[in-house]
Amino acid sequence: MDNFGFVKIAAAIPTVKVADVTFNATQTLTLIKKAAAQGVRAVVFPELGLTGYTCGDLFLKPTLLDAAERELEKLLTQTKTLDIVFMVGLPVRAGAVLLNAAAVCYKGEICGIIPKTYLPNYNEFYEGRWFVRALAFNGTEVTLCGQTIPAGTDLLFKAGGFTFGVEICEDLWATVPPSSQAVLQGAQVIFNLSASNALVGKHAYVRQLVAQQSARGMCGYVYASCGFGESTTDVVFGSNALIFENGHELACSKRFAQQPQLICAEIDVERLQNERRVNTSFRTDSALETGAPYDVIDLQQPVATVKKLTRKVEPLPFVPQGKTLDEHCEEIFNIQVTGLATRLVAAHAKSAVVGISGGLDSTLALLVTARTFDKLTRPRKQIVAITMPGFGTTDRTYKNALSLMKQLGVTVKEISIKKACEQHFKDIGHDGKKHDVTYENVQARERTQILMDVANQTGGLVIGTGDLSELALGWATYNGDHMSMYGVNAGVPKTLVKSLVTWVATHQTTDKKTQAVLADIAATPISPELLPADKKGRITQKTEDLVGPYVLHDFFLYYFLRCGFGPKKILFLAKHAFAGHFKEAEIKKWLVVFFRRFFAQQFKRSCLPDGPKVGSVALSPRGDLRMPSDANAQAWLKELE
């Protein structure tokens, strides 16, 4: 069975009746069964959910405590055949003291009792009146429902494919939450049984806490707080449930709902482990952990096969979605601009030289350069933009290149490469009618030579236009367009290049002519234009027909480098992300191409020009990727077989 590292978990919010334990247990059972039917492996309920959080001094009455224990025992019997771990909150007697505790239950057994570490006893909270904090509980076991059970805050639980820890409400608010220790001890998921009341602005703060704790701990964080039915004598509870993974929200409940709720999501435990393995700070913290090792209780829950995901797999992982698009595009653009501005000043460059093809990459590079010169209060005429028509240049890209340069007010040069290339064919004895790799690369290197020489003439720098996706695939001519003096697009994948160009057209310029040119460039098929056009002057050499769709390659690149996944899992994710757009056979075909090219073309990345990193994936040999040029891809290709 293969779960691809995913574990389906849930947070449940039942309706309650204060001190009516039988009613509360029935509601709890209904949600446990519902979760189990949906393939959930573990579900967490709110703090003191069996009794209700707002029982007050009733917590000190044996009748309520007996009822809670009796109903929990019934729950254990009723769930004995269900393959699901559940965590419920209840008051637990431990000798002369009372604990606000979580019971971790599976297959009719209470596997562990986790007492609350920090008891709020301020403002509207009075927990210190009834309970003792975990640090005041000196025992390691409690007796409950006829079972002798391990108890303490130093317990972790190994379930079907993951290890988890538990903390309770206020614990998350503490300066050093218990979960911080738990993740260093190996917990990949934290469950929080909570009873946080609703206040103006508090929900946003809780979301921040959960997001940050999941990010800091590189873990999944599952939070369930109580809702409808709790006493409203002085406060109101808002039915708040959240599931986060390493800082990213996977699911949330509807606030102030009167009906029971169950939110589910698959947490990617494999990705969390990969993140921890890469992050040296986390590894160091774990290695320096001086506390006694936590006891890990193996629940013997089998790993469940995951055939379908309910969580969204974003098909464009590099492209910001929704409301954040404008903000992220502005930030990315400014990173590029600031990098280039710093380099121009440091190099005492008098000009910037950019080759303009009328395609997406050179367009973005020119837009960045123009903004950079504005930032440096230098005239745009010091930008030397050169269009270099060749054998494959079409009217569409040629006209767009000229129009864009004129609209931006830069110095425009047009230098045809045809005669120089024809002479070079003669010099090396190559038949110019043979449209092979030599025919193509001669053109790319001739253009680079022109750019370099003009940069020498004008005391400037050649601005590279190649993007991250092309570098990953090696889709560049070695020592041709592969080379520059500063590559402003080196950290920007192709799918993001298109978004940035479109963003500039809609947000950074009001000139209708410039907007029209940028829109047409964004709509032009991607091509190096190194082969002659057809009889109607249209592009014949379309990059994506040759190497595959960039939406797929960027997806592969992200999950391979950023997440560390193997081909099998990438294929699984791609099938979900591109369902209805690409068939599995087509995805697999281009995934094979990706791995073959990525490994074979590392030698080009080993000598990349400088360029700014803008996102979480970069290919610089001085930065993110230390990879031998002669590494072999067979292990990855074999996995796809």
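For region 338-368, give me the residue count where each residue is in a helix (DSSP H, G or I) and among the polar types (S, T, N, Q).
Here is the first cut: in region 338-368, the ones in a helix (DSSP H, G or I) are 338-346, 360-368.
Subsequent filtering for residues that are among the polar types (S, T, N, Q) retains 338, 342, 362-363.
Selection size over region 338-368: 4.
For every residue, the table says whether it meets (1) surrounded by fewer than 22 Cβ atoms within 10 Å (Cβ to Cβ); (2) on the phi > 0 side of the Ramachandran plot; (3) of a type in the set (Phe, Trp, Tyr).
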site	(1), (2), (3)
Val210	no, no, no
Phe237	no, no, yes
Lys254	yes, no, no
Ile267	no, no, no
Gly291	yes, no, no
Val306	yes, no, no
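Could you pull out the residue among Leu29, Leu82, Leu48 that is of a type outside the set (D, E, K, R) and either touching a strand residue (DSSP E or B) at 6+ places or on another chain (Cβ under 8 Å) or free of Cβ contacts under 8 Å to residues at least 40 places away in the same chain (or both)? Working first, answer last.
Numbers: Leu29 fails: either touching a strand residue (DSSP E or B) at 6+ places or on another chain (Cβ under 8 Å) or free of Cβ contacts under 8 Å to residues at least 40 places away in the same chain (or both); Leu82 fails: either touching a strand residue (DSSP E or B) at 6+ places or on another chain (Cβ under 8 Å) or free of Cβ contacts under 8 Å to residues at least 40 places away in the same chain (or both).
Sole residue among the options that is of a type outside the set (D, E, K, R) and either touching a strand residue (DSSP E or B) at 6+ places or on another chain (Cβ under 8 Å) or free of Cβ contacts under 8 Å to residues at least 40 places away in the same chain (or both): Leu48.
Quick one: in region 267-316, of everything that is in a strand (DSSP E or B) and touching an Asp or Glu at 6+ places or on another chain (Cβ under 9 Å), which residue is nearest to Ala10 (Cα to Cα)? Spell out the reasoning first.
Initially, region 267-316 is screened for residues in a strand (DSSP E or B), giving 267-268, 295-298.
Checking which are touching an Asp or Glu at 6+ places or on another chain (Cβ under 9 Å) leaves us with 267-268, 295.
Details: Ile267: 10, Asp268: 14, Asp295: 24 Å.
Per the criteria, the residue is Ile267.
Quick check on my filter: what residues within region 226-267 are under 20 Å from the mean Cα position of the chain (by Cα) and not small (Gly, Ala, Ser)? So that I can check it myself, show each step before the final result.
Taking region 226-267 first, the residues under 20 Å from the mean Cα position of the chain (by Cα) are 242-252, 264-267.
Of everything in region 226-267, those that are under 20 Å from the mean Cα position of the chain (by Cα) and not small (Gly, Ala, Ser) turn out to be Leu242, Ile243, Phe244, Glu245, Asn246, His248, Glu249, Leu250, Cys252, Cys264, Glu266, Ile267.
From Thr372, Thr377, which residue is free of Cβ contacts under 8 Å to residues at least 60 places away in the same chain, in a loop (DSSP other than H, G, I, E, B) and of a type in the set (Ser, Thr, Tyr)? Reasoning before the result, please.
On the way: Thr372 fails: in a loop (DSSP other than H, G, I, E, B).
When all the criteria are applied, what remains is Thr377.
Okay, residues lined up against (1) assigned to a helix (DSSP H, G or I); (2) out of contact with any His (no Cβ under 7 Å at 6 or more places or on another chain):
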| position | (1), (2) |
| --- | --- |
| Gln457 | yes, yes |
| Ser469 | yes, no |
| Tyr478 | no, yes |
| Asp481 | no, yes |
| Ser484 | no, yes |
| Val497 | yes, yes |
| Ala505 | yes, yes |
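If you go through region 369-382 one residue at a time, do you hit one that is small (Gly, Ala, Ser) and under 30 Å from Asp436 (Cα atoms)? Explain how you work it out, then say what you get.
Filtering region 369-382 for residues small (Gly, Ala, Ser) gives 370.
Filter again for under 30 Å from Asp436 (Cα atoms), leaving none.
No, because not a single residue in region 369-382 is small (Gly, Ala, Ser) and under 30 Å from Asp436 (Cα atoms).
Checking Glu249 against (1) crowded, with 19+ Cβ neighbours inside 10 Å; (2) of a type outside the set (Phe, Trp, Tyr); (3) assigned to a strand (DSSP E or B), which single condition isn't satisfied?
So Glu249 meets the others, but not (1).
Asp83 versus (1) farther than 30 Å from Ile267 by Cβ; (2) among the acidic types (Asp, Glu); (3) not in a helix (DSSP H, G or I): which is the lone unmet condition?
Unmet condition: (1).
Which members of region 380-391 meet the condition of being under 14 Å from Ile417 (Cβ atoms) and more than 39 Å from the chain's Cα centre (by Cα)?
Of all residues in region 380-391, those under 14 Å from Ile417 (Cβ atoms) come to 386-391.
Residues satisfying the conditions are Met388, Pro389, Gly390, Phe391.
What number of residues in region 280-294 are in contact (Cβ under 8 Å) with a residue 24 or more places away in the chain and under 28 Å from the mean Cα position of the chain (by Cα)?
Our first condition is that a residue be in contact (Cβ under 8 Å) with a residue 24 or more places away in the chain; within region 280-294, this holds for 282, 285-286, 289, 291-294.
Narrowing further to those that are under 28 Å from the mean Cα position of the chain (by Cα): 282, 285-286, 289.
Residues flagged as in contact (Cβ under 8 Å) with a residue 24 or more places away in the chain and under 28 Å from the mean Cα position of the chain (by Cα) within region 280-294 amount to 4.
How many of the residues making up region 508-567 are modelled with pLDDT of 70 or more and in a helix (DSSP H, G or I)?
Number satisfying all stated conditions: 31.
When the residues of region 183-208 are filtered to those that are of a type in the set (A, V, I, L, M) and more than 23 Å from the chain's Cα centre (by Cα), which remaining residue is surrounded by the fewest Cβ atoms within 10 Å (Cβ to Cβ)?
Quick first cut of region 183-208, residues of a type in the set (A, V, I, L, M) only: 183-184, 187, 189-190, 193, 195, 198-200, 204, 206.
Filter once more, so that each one left must be more than 23 Å from the chain's Cα centre (by Cα): 193, 195, 198-200.
Values: Leu193: 32, Ala195: 27, Ala198: 17, Leu199: 13, Val200: 6.
If we take residues in region 183-208 being of a type in the set (A, V, I, L, M) and more than 23 Å from the chain's Cα centre (by Cα), then Val200 is surrounded by the fewest Cβ atoms within 10 Å (Cβ to Cβ).
With the requirement that a residue be modelled with pLDDT under 95 and either buried (at least 19 other Cβ atoms within 10 Å of the Cβ) or within 40 Å of the chain's Cα centre (by Cα) (or both), what does region 410-438 give you?
Val437
Specify which of the listed residues (Thr163, Thr140) is assigned by TED's automatic domain parsing to the domain that holds Lys202, polar (S, T, N, Q) and modelled with pLDDT of 95 or more.
Numbers: Thr140 fails: modelled with pLDDT of 95 or more.
Of Thr163, Thr140, the one residue that is assigned by TED's automatic domain parsing to the domain that holds Lys202, polar (S, T, N, Q) and modelled with pLDDT of 95 or more is Thr163.
Given (1) in a helix (DSSP H, G or I); (2) among the hydrophobic types (A, V, I, L, M, F, W, C); (3) more than 23 Å from Gln457 (Cα to Cα), where does Phe391 come up short, assuming only one miss?
The failed condition is (1).
Residues being under 20 Å from the mean Cα position of the chain (by Cα) and of a type outside the set (Val, Ile, Thr): count how many of those fall in region 295-352.
20
Which of the residues that make up region 273-310 are touching a helix residue (DSSP H, G or I) at 6+ places or on another chain (Cβ under 9 Å) and not assigned by TED's automatic domain parsing to the domain that holds Thr140?
Matches in region 273-310: Val306, Lys308, Leu309.
If you take the residues in region 350-401 that are more than 21 Å from Ala476 (Cα to Cα) and at pLDDT below 95, which one is surrounded by the most Cβ atoms within 10 Å (Cβ to Cβ)?
Asn400
List the helices (runs of 4 or more DSSP H) that sit entirely inside region 576-640 and contain at least 2 residues that are acidic (Asp, Glu) and out of contact with any His (no Cβ under 8 Å at 6 or more places or on another chain). Spell out how you get there, then give the answer.
Values: elements: 584-600, 602-605, 634-640.
Where helices (runs of 4 or more DSSP H) fall fully within region 576-640 and carry at least 2 residues being acidic (Asp, Glu) and out of contact with any His (no Cβ under 8 Å at 6 or more places or on another chain), they are 584-600.
In region 221-246, what residues are assigned to a strand (DSSP E or B) and of a type outside the set (Phe, Trp, Tyr)?
Filtering region 221-246 for residues assigned to a strand (DSSP E or B) gives 221-225, 237, 241-245.
Selection gives Val222, Ala224, Ser225, Ala241, Leu242, Ile243, Glu245.
Which residues, counting only those in region 111-127, are under 18 Å from Leu193 (Cβ atoms) and either of a type outside the set (Val, Ile, Thr) or touching a Cys at 6+ places or on another chain (Cβ under 8 Å) (or both)? Spell out how you get there, then give the answer.
Narrowing region 111-127 to residues under 18 Å from Leu193 (Cβ atoms): 111-120, 125, 127.
Passing the criteria: Cys111, Gly112, Pro115, Lys116, Tyr118, Leu119, Pro120, Phe125, Glu127.
When the residues of region 138-176 are filtered to those that are without any contact (Cβ under 8 Å) to a residue 12 or more places away in the chain and either in contact with a Ser or Thr (Cβ under 7 Å, 6 or more places away or on another chain) or of a type in the set (A, V, I, L, M) (or both), which remaining residue is surrounded by the most Cβ atoms within 10 Å (Cβ to Cβ)?
To start, the set of residues in region 138-176 that are without any contact (Cβ under 8 Å) to a residue 12 or more places away in the chain comprises 138, 141, 143, 148, 175-176.
The next check asks that each one be either in contact with a Ser or Thr (Cβ under 7 Å, 6 or more places away or on another chain) or of a type in the set (A, V, I, L, M) (or both); those that pass are 141, 176.
Values: Glu141: 13, Val176: 9.
Ranking the qualifying residues of region 138-176, first place goes to Glu141.
Give the residue, chosen from Ala102, Ala67, Ala25, Ala94, that is under 33 Å from the mean Cα position of the chain (by Cα) and not basic (Lys, Arg).
Values: Ala67 fails: under 33 Å from the mean Cα position of the chain (by Cα); Ala25 fails: under 33 Å from the mean Cα position of the chain (by Cα); Ala94 fails: under 33 Å from the mean Cα position of the chain (by Cα).
None of the other options fit; the residue is Ala102.
Would you list the helices (runs of 4 or more DSSP H) that sit entirely within region 116-220 and hold 1 or more residues that are of a type in the set (Lys, Arg) and touching a strand residue (DSSP E or B) at 6+ places or on another chain (Cβ under 7 Å)?
Values: elements: 170-173, 178-184, 202-216.
In region 116-220, the matching helices (runs of 4 or more DSSP H) lie at 202-216.
Conditions tested, residue by residue: (1) free of Cβ contacts under 8 Å to residues at least 24 places away in the same chain; (2) touching an Asp or Glu at 6+ places or on another chain (Cβ under 8 Å); (3) of a type in the set (Ser, Thr, Tyr).
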site	(1), (2), (3)
Val488	no, no, no
Gly491	no, no, no
Lys494	no, yes, no
Leu500	no, no, no
Trp503	no, yes, no
His507	no, yes, no
Ala516	yes, no, no
Ala519	yes, no, no
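The values are calculated or read from the model by the stated rules, or taken from the named source; none is laboratory data. These numbers come from a predicted model, not from an experiment. All Cβ positions, glycine included, derive from the backbone under ideal geometry; neighbour counts span all protein chains shown.
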